[in-house]
Amino acid sequence: MRPVWIVLGATSPLARAFAIEAGRAGAALLLVARDAERLAPVAADAAIRTGAEVDTLVADFAEPAGLAALATTCWDRAGALGDGPVCLFAAAGTMPDQAQIDAQPELVRRVFAVNAVSLAELLQRLAPRFEAQRGGRIVVVGSVAAERGRPSNYVYGASKAALQTYLQGLRGRLFPAGVGLTTVVPGFLDTAMTYGLPGTFLVAAPETAARRIWRAAARGREVVYVPWFWRWIMLVIRLIPEPLFKRLKL
Ligand SMILES: NC(=O)c1ccc[n+]([C@@H]2O[C@H](COP(=O)([O-])OP(=O)(O)OC[C@H]3O[C@@H](n4cnc5c(N)ncnc54)[C@H](OP(=O)(O)O)[C@@H]3O)[C@@H](O)[C@H]2O)c1
């Protein structure tokens, strides 16, 4: 049986590396991204490097209209690619500079739409299909930023916190149907999102991160920090009392 991975945000370096892992493991790939021109070489690269059958779809998560049709199209096109379970990896996300959001408050809506609302609606629409399939796995990329609101990126962090709380509930809903859900909690990754950003440290390569995520998903892990040490860094950060935390320039 050949499983199929739907990959959302497929032009992200993390998603590209994850798709390569899935393709090498014998899965077919449905790559979904918002920019057709950037998606085409990504799809060609995945097909050449893995030998996987690859299909593509274009969707913009800032546009809530069309998510019902996207859910149906995704499921149908994925079903046509393989005879095994359909699985889903979601890496679409946006992180405008906090100063830019402060200057343009309407960006709050966009950040929440892309990082949380559209993805939650899409998963909500796909959930009955996953339940009926009685198997498969969903892997969604959150962020350590969700775990403590910091002045330097609290809108992004809040959107990821909404997503991660949503995923906790969805995990419980899908569990009786045998559908697994892995929440990925990365620290800093070496991608366009962090390029030139001040204050980044312990930056991980997306390929290394994707390998860890792939292994964690295969083992049925519920939550995976990438790299692993961020679990402990965030534990310490969560323990800092609020009266002190608000004084820190983070
Ligand atoms: N980089 C980090 O340090 C870091 C840390 C923690 C979590 N994360 C998360 O990891 C995931 C992957 O990000 P990345 O680091 O690989 O950054 P990235 O290269 O900027 O990738 C973000 C992806 O989201 C897509 N996207 C952005 N806006 C979209 C929209 N309106 N509709 C549909 N797709 C949209 C992008 O498409 P385009 O290619 O068209 O822009 C791209 O595929 C994100 O969820 C991010 O929040 C990253």
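The values are calculated or read from the model by the stated rules, or taken from the named source; none is laboratory data. Every value quoted in this text rests on a predicted model; they were computed, and no experiment measured them. For neighbour counting, all protein chains shown are included, and Cβ atoms are generated from backbone atoms with ideal geometry for every residue, glycine included. Just so you know, the surface numbers come from the protein's heavy atoms only, side chains and all, with ligands and any DNA or RNA stripped out. Shrake-Rupley method; radii C 1.70, N 1.55, O 1.52, S 1.80 Å.
Which is out of contact with any Ser or Thr (no Cβ under 9 Å at 6 or more places or on another chain), within 16 Å of Asn115 (Cβ to Cβ) and of a type outside the set (A, V, I, L, M), of Tyr195, Tyr166, Tyr156?
Being out of contact with any Ser or Thr (no Cβ under 9 Å at 6 or more places or on another chain), within 16 Å of Asn115 (Cβ to Cβ) and of a type outside the set (A, V, I, L, M) holds for just one of Tyr195, Tyr166, Tyr156, which is Tyr166.
Just to be sure before I move on: is Thr182 buried (at least 19 other Cβ atoms within 10 Å of the Cβ) and more than 22 Å from Pro96 (Cα to Cα) in the structure I sent?
In short, yes.
Between Trp5, Trp75, which is open to solvent by 20 Å² or more (accessible area, probe 1.4 Å) and either modelled with pLDDT of 95 or more or closer than 21 Å to Ile213 by Cβ (or both)?
Among Trp5, Trp75, only Trp75 is open to solvent by 20 Å² or more (accessible area, probe 1.4 Å) and either modelled with pLDDT of 95 or more or closer than 21 Å to Ile213 by Cβ (or both).
Being buried (at least 17 other Cβ atoms within 10 Å of the Cβ) and either of a type in the set (A, V, I, L, M) or farther than 16 Å from Ile233 by Cβ (or both) is the requirement here; does Gly187 meet it?
no
Mind checking which residues of segment 130-144 are in a helix (DSSP H, G or I), without any contact (Cβ under 8 Å) to a residue 60 or more places away in the chain, of a type outside the set (Phe, Trp, Tyr) and closer than 23 Å to Trp214 by Cβ? Walk me through it before giving the result.
Residues of segment 130-144 that are in a helix (DSSP H, G or I), as a first pass: 130-133, 144.
Retained after the next criterion (residues that are without any contact (Cβ under 8 Å) to a residue 60 or more places away in the chain): 130-133.
Filter once more, so that each one left must be of a type outside the set (Phe, Trp, Tyr): 131-133.
Passing the criteria: only Gln133.
Open to solvent by less than 50 Å² (accessible area, probe 1.4 Å), of a type in the set (A, V, I, L, M, F, W, C) and more than 14 Å from the ligand (Cβ to nearest atom): does that describe Ala27?
On the way: open to solvent by less than 50 Å² (accessible area, probe 1.4 Å): yes; of a type in the set (A, V, I, L, M, F, W, C): yes; more than 14 Å from the ligand (Cβ to nearest atom): yes.
In short, yes.
Mind checking which residues of segment 41-68 are open to solvent by 60 Å² or more (accessible area, probe 1.4 Å), within 16 Å of the ligand (Cβ to nearest atom) and part of a helix (DSSP H, G or I)?
Pro41, the sole residue that qualifies.
Name the residue, out of Leu167, Leu174, Leu181, that is within 15 Å of the chain's Cα centre (by Cα) and in a helix (DSSP H, G or I).
Just one listed residue meets the conditions, Leu167.
Looking only at segment 211-225, count how many residues are charged (D, E, K, R), surrounded by fewer than 16 Cβ atoms within 10 Å (Cβ to Cβ) and more than 18 Å from Leu167 (Cβ to Cβ).
Number satisfying all stated conditions: 1.
All but one of (1) open to solvent by 10 Å² or more (accessible area, probe 1.4 Å); (2) within 12 Å of the ligand (Cβ to nearest atom); (3) in a helix (DSSP H, G or I) hold for Thr11, so report the exception by its number.
(3)
If you check Arg38, Arg16, which single one turns out to be within 14 Å of the ligand (Cβ to nearest atom) and either part of a loop (DSSP other than H, G, I, E, B) or without any contact (Cβ under 8 Å) to a residue 40 or more places away in the chain (or both)?
Testing whether each residue is within 14 Å of the ligand (Cβ to nearest atom) and either part of a loop (DSSP other than H, G, I, E, B) or without any contact (Cβ under 8 Å) to a residue 40 or more places away in the chain (or both) leaves just Arg38.
Those residues that are in contact with a strand residue (DSSP E or B) (Cβ under 8 Å, 6 or more places away or on another chain) and either open to solvent by 40 Å² or more (accessible area, probe 1.4 Å) or more than 16 Å from the ligand (Cβ to nearest atom) (or both), I need them from segment 148-174; list them, please.
Of everything in segment 148-174, those that are in contact with a strand residue (DSSP E or B) (Cβ under 8 Å, 6 or more places away or on another chain) and either open to solvent by 40 Å² or more (accessible area, probe 1.4 Å) or more than 16 Å from the ligand (Cβ to nearest atom) (or both) turn out to be Gln168, Leu170, Arg171, Leu174.
Does segment 200-210 hold any residues that are in contact with a helix residue (DSSP H, G or I) (Cβ under 9 Å, 6 or more places away or on another chain), open to solvent by 70 Å² or more (accessible area, probe 1.4 Å) and at negative phi, and which are they?
Of everything in segment 200-210, those that are in contact with a helix residue (DSSP H, G or I) (Cβ under 9 Å, 6 or more places away or on another chain), open to solvent by 70 Å² or more (accessible area, probe 1.4 Å) and at negative phi turn out to be Glu207, Thr208.
Looking at segment 190-218, which of the residues that are among the β-branched types (Val, Ile, Thr) and either touching a residue at least 40 places away in the same chain (Cβ under 8 Å) or under 30 Å from Gly135 (Cα atoms) (or both) is farthest from the ligand (Cβ to nearest atom)?
Thr208
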